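Chemist: Sharing a structure below in structure tokens format, with a few things to ask.
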Amino acid sequence: MTPMKWFFSFLKKYRGLMILGIALTTVISALSIVNPYISGIIVDDVVQAGNYSLLPVLVGCLLGVTFLNGILRFLYQVVFETASQGTLYDMRDKVYRKLLQEDFAFYNKKRTGDLMSRQTGDMDAIRHFVAYVIYVVYQNVLLFFFALLMVFTVSTRLALCMLLVLPFTAIATWKQSKEVKPAFQRNRDCFSSLNAFVQENVSGNRVVRAFAKEDYEIEKFQKENDKFRDSQINASKIWMKYVPVFEILSYALTIILMVYGGFMVIQGEITLGDLVKVNGYLWMLNTPLRMAGWWINDIQNFVTSVEKIYATYSEEPNVKTPERGGIHKKIRGDVEFKNVSYRADDEDIVMDIHFRVRAGQTVGIIGSTGAGKSTLMNLLCRFYDATSGEVLVDGKNVRQMDLYNLRDNIGMAMQDVFLFSDTIEGNIAYGRPNCSFEEVKKAAIMADANHFISALPEGYDTIVGERGVGLSGGQKQRISLARALLKNPSILILDDTTSAVDMETESYIQKQLKTIQQTSDCTVFVIAYRISSIKDADLILVMDHGRIIERGTHDSLLAQGGYYAKAFHNQYGEIPYDLLEEEKKIDGKVR
């Protein structure tokens, strides 16, 4: 499908309104020839011939046509604006839904500002085209030909003289359209880049201030702003070059009428009333010639915007729900990786991963930064697809499962905590928006978040701000954990979720997780750097450079004396294990 066909698929829904609008525009264009015609009759039959009895009738006709014209103009503008807003609404909704279906790979290579500009500036260019450009171009084309036809009824020679400007207008219009399209494409690219830059810097303004880099960022902004200004100026130079041409051609019609038309009146070939008629039609001939350059700009802007939006929309995600994906209301939580490898951008991320976990077990994953720990969970959630091997949930390949159902059964507290600009209650209840407040509070208690939430002035109704601004790292982590727990998932993934909390809080959370596992058989994956977070896991996987280099329980891994044992001693020194266990026995407090 071409971008234009895709656009017209949205406009088709409003074809009834568009047809009505076109019909009203046609009627208005036809009515526009009436007043100049009556003006000519007034000059010939009333002013010169002295037949004043016709004057009330003719004036009444002028007023009636003007009044009807005003009503119809109001109606057709309402019609076109309604169609444009409906088209824009449907298109924006369709594009947004498609954005939600895109996978991680799509967002890894797209900038937020670019995607925002698709939904704002480019959409507005389309609305302007439907609401204004369509009818104004159609109307002025009709006005031009209706006026030309009426001039032919007055004098064929005068009409042919006026036609001399048409070839020059057509050539200028064609040349401008060729030059303006790449200029508008460059303009939209620069706008997207500027939008992306501003969005990124507004989001990261605390980092900018922390490093005192305001001047540096202002300099970068000026470069982006200069690029956008230059692209705008270059686009403007094109129509600046052609608009005078169109103005000269439009004034040429006035000169032809005044000189040659006046000569014909003197010679008696046409009447003074005929000259008044043609002069009344002159604006109908001039306006299309003068405005052609502007309309070409609007049309090319519209075409460029449609192409950009469609280019974003048409990108298909690599991860899709199979056409016959099996839908299960609730999965058990058995997980198996069978010789799984994942490669991206010609780089091996994880290689030959194999392990099996039964429902209700806890798996701890530890390793150096970039070892591939989070990638394993991304493959389990099918944010990416394995390059080779199989990821099985309840014995079924995740590629064959319904994506929504798979992820709906997984609760995930991500490494990069994201909180919406909403209340704390709304953030915790994000996965189950219809749950009761008691359930929200219970989840917060399990995540050891209830005590600090209750201490806030607004409590659970506190607006956390964009991305959780105003909360500490540990508080955001606990809200994220509560959000995951509230789903009551079959599989719970905690990606470095307790890194920003103290040891006492971590111990309390671990006890709550054990309680959940005992009551719901939830399979838990814990990715951590702290040994204390995973030491009680049923299976611990040690990863390095994308491979599992050690596996086993806490005691067996200590006995191996490998990476895990070294990490343990680095974190706890030479503290005897029995003493460490005694220190970790911290009574849970009422939170």
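The values are calculated or read from the model by the stated rules, or taken from the named source; none is laboratory data. These figures come from a predicted structure and were not determined experimentally. All Cβ positions, glycine included, derive from the backbone under ideal geometry; neighbour counts span all protein chains shown. Quick note on the areas: whole protein, heavy atoms, side chains included, nothing else; ligands and nucleic acids left out. Shrake-Rupley method; radii C 1.70, N 1.55, O 1.52, S 1.80 Å.
Chemist: Any idea what diffusion coefficient the stretch 271-383 gets from Stokes-Einstein, in µm²/s, Kirkwood Rh on alpha carbon pairs, 25 °C, 0.890 mPa s?
Modeler: 115 µm²/s
Chemist: With all pairs of different alpha carbon atoms counted, what Kirkwood hydrodynamic radius in Å does the stretch 213-315 show?
Modeler: Evaluated on the stretch 213-315, it is 17.9 Å.
Chemist: If you don't mind, there's one more thing I want to ask. Taking R0 as 30 Å, what's the FRET efficiency between residue 220 and residue 345 from their Cβ-Cβ distance, rounded to 0.05?
Modeler: 0.70
Chemist: What is the spread of the Cα atoms of the stretch 362-521 along each of their three principal axes, largest first, in whole Å?
Modeler: Extents along the principal axes, in whole Å: 52, 36, 34.
Chemist: Let me ask another. Roughly how many nanometres apart are two label points built 7 Å out from the Cα toward the Cβ at residue 520 and residue 267?
Modeler: According to this spin-label approximation, the distance is 9.6 nm.
Chemist: How do 552-562, 270-280, 484-494 rank on mean C-beta neighbours within 10 Å, highest first?
Modeler: Working: 552-562: 14.5, 270-280: 20.2, 484-494: 24.0.
So the order, starting with the most tightly packed, is 484-494, 270-280, 552-562.
Chemist: Under 14 Å between alpha carbons: how many lysine pairs meet that in the stretch 426-560, if sequence neighbours fewer than 8 apart on the same chain are excluded? List each step's numbers first, then the result.
Modeler: Numbers: 441/487; 442/487; 511/535; 514/535.
For the stretch 426-560, the number of qualifying lysine pairs is 4.
Chemist: Within the stretch 176-232, report the chymotrypsin sites (Phe, Trp or Tyr not before Pro) that DSSP leaves as loop and that have at most 16 other Cβ atoms within 10 Å.
Modeler: Details: sites: 184, 191, 197, 211, 216, 221, 228; in loops: 211.
Sites meeting the loop and neighbour criteria: 211.
Chemist: Sticking to Cα atoms, compute the Rg of the stretch 327-416 to one decimal and its Dmax as the biggest Cα-Cα distance, whole number, in Å.
Modeler: So, for the stretch 327-416, Rg and Dmax equal 12.8, 38 Å respectively.
Chemist: Report the FRET efficiency, 1/(1 + (r/R0)^6), for residue 153 and residue 120, where r is their Cβ-Cβ distance and R0 is 56 Å, rounded to 0.05.
Modeler: Efficiency computed from Cβ-Cβ geometry: 0.70.
Chemist: What number, in percent, do you get for the relative contact order of the chain if the mean sequence gap of Cα pairs under 8 Å and at least 6 apart is divided by its residue count?
Modeler: It rounds to 14 percent for the chain.
Chemist: Next question, about the same structure. Taking the Cβ-Cβ separation of residue 439 and residue 4 as r and a Förster radius of 45 Å, what is the calculated FRET efficiency to the nearest 0.05?
Modeler: Once the sixth-power term is evaluated, E becomes 0.35.
Chemist: With a sphere of radius 14 Å drawn around the Cβ of residue 86, what net charge do the other residues whose Cβ falls strictly inside it have (Lys, Arg +1; Asp, Glu -1)?
Modeler: So the environment of residue 86 carries a net charge of +3.
Chemist: How long, wide and thick is the chain, going by the Cα atoms along their three principal axes, in whole angstroms, largest first?
Modeler: Principal extents (largest minus smallest coordinate, Cα): 122, 52, 47 Å.
Chemist: Roughly speaking, what is the stretch gain from residue 107 to residue 316, that is 0.36 nm per residue apart minus the C-alpha to C-alpha distance, in nm to one decimal?
Modeler: 74.0 nm is the gain from fully extending residue 107 to residue 316.
Chemist: In the stretch 372-389, whose amide N lies under 14 Å from the spot 7 Å out along Cα-to-Cβ of residue 352? List them in ranges.
Modeler: 389
Chemist: Further question: Using only DSSP helix segments of four residues or longer, with each worth -39500 (n - 2.57), what per-residue ellipticity at 222 nm results for the chain after dividing by its residue count and rounding to 500?
Modeler: Result for the chain: -20000 deg cm²/dmol, rounded to the nearest 500.
Chemist: What do you get for the angle between helix 473-486 and the principal long axis of the chain? Use alpha-carbon atoms, 0 to 90 degrees, nearest ten.
Modeler: Compared with the principal axis, the helix lies near 90 degrees.
Chemist: While we're on this one: Taking the Cα atoms of the stretch 498-550, report the difference between the largest and smallest coordinate on each principal axis, in whole Å and largest first.
Modeler: Ordered largest first, the stretch 498-550 gives principal extents of 34, 27, 13 Å.
Chemist: Taking the DSSP beta bridges in the chain as the whole, what percent of them are antiparallel, to the nearest 5? Write out the running numbers ahead of the final one.
Modeler: Working: 20 of 39 bridges.
Roughly 50 percent of the DSSP beta bridges within the chain come out antiparallel.
Chemist: Once the piece of chain linking residue 388 and residue 171 is laid out straight, how much longer is it, given 0.36 nm per residue of separation minus the C-alpha distance between them?
Modeler: In short, 72.2 nm is gained.
Chemist: Given a 1.4 angstrom probe, I'd like the percentage of the accessible area of the stretch 486-536 that is carbon and sulfur, rounded to a whole number.
Modeler: Summing carbon and sulfur atoms, their accessible area is 48 percent of the total for the stretch 486-536.
Chemist: Summing Lys, Arg as +1 and Asp, Glu as -1, what charge do residues with Cβ under 10 Å from the Cβ of residue 360 carry, residue 360 excluded?
Modeler: Here the charged neighbours net out to -1.
Chemist: Just to be sure I understand the model, the point goes 7 Å from the Cα along the line to the Cβ. What's the resulting residue 27 to residue 330 distance in nm?
Modeler: Rounded to a tenth, the inter-label distance reads 6.4 nm.
Chemist: At most 12 other Cβ atoms within 10 Å and a DSSP loop assignment: could you name the GluC sites (Glu not before Pro) in the stretch 396-480 that fit?
Modeler: Filter output for the stretch 396-480: 458.
Chemist: Too long at a 31 Å Cα-Cα cut-off: which of 13/277; 237/308; 223/373; 220/373?
Modeler: Listed pairs above 31 Å: 13/277; 223/373; 220/373.
Chemist: Full extension from residue 503 to residue 49: what is 0.36 nm times the residue separation minus their Cα-Cα distance, to one decimal in nm? Mind showing how you got there, number by number?
Modeler: Working: separation 454, 0.36 × 454 = 163.44 nm, distance 10.66 nm.
Stretched fully, the residue 503-residue 49 segment lengthens by 152.8 nm.
Chemist: Once label points are set 7 Å from the Cα along Cα→Cβ at both residue 77 and residue 369, what is their separation, rounded to one decimal in nm?
Modeler: According to this spin-label approximation, the distance is 6.0 nm.
Chemist: From the Cα trace of the stretch 24-168, what convex hull volume per residue do you get, rounded to a whole Å³?
Modeler: Enclosed volume per residue, from the Cα hull, is 142 Å³.
Chemist: Counting pairs of Cα atoms in the stretch 465-567, how many percent are more than 20 Å apart?
Modeler: Pairs farther apart than 20 Å: 45 percent.
Chemist: At 1.306 mPa s and 10 °C, plugging the Kirkwood radius over alpha-carbon pairs of the stretch 1-86 into Stokes-Einstein gives what diffusion coefficient in µm²/s?
Modeler: 103 µm²/s
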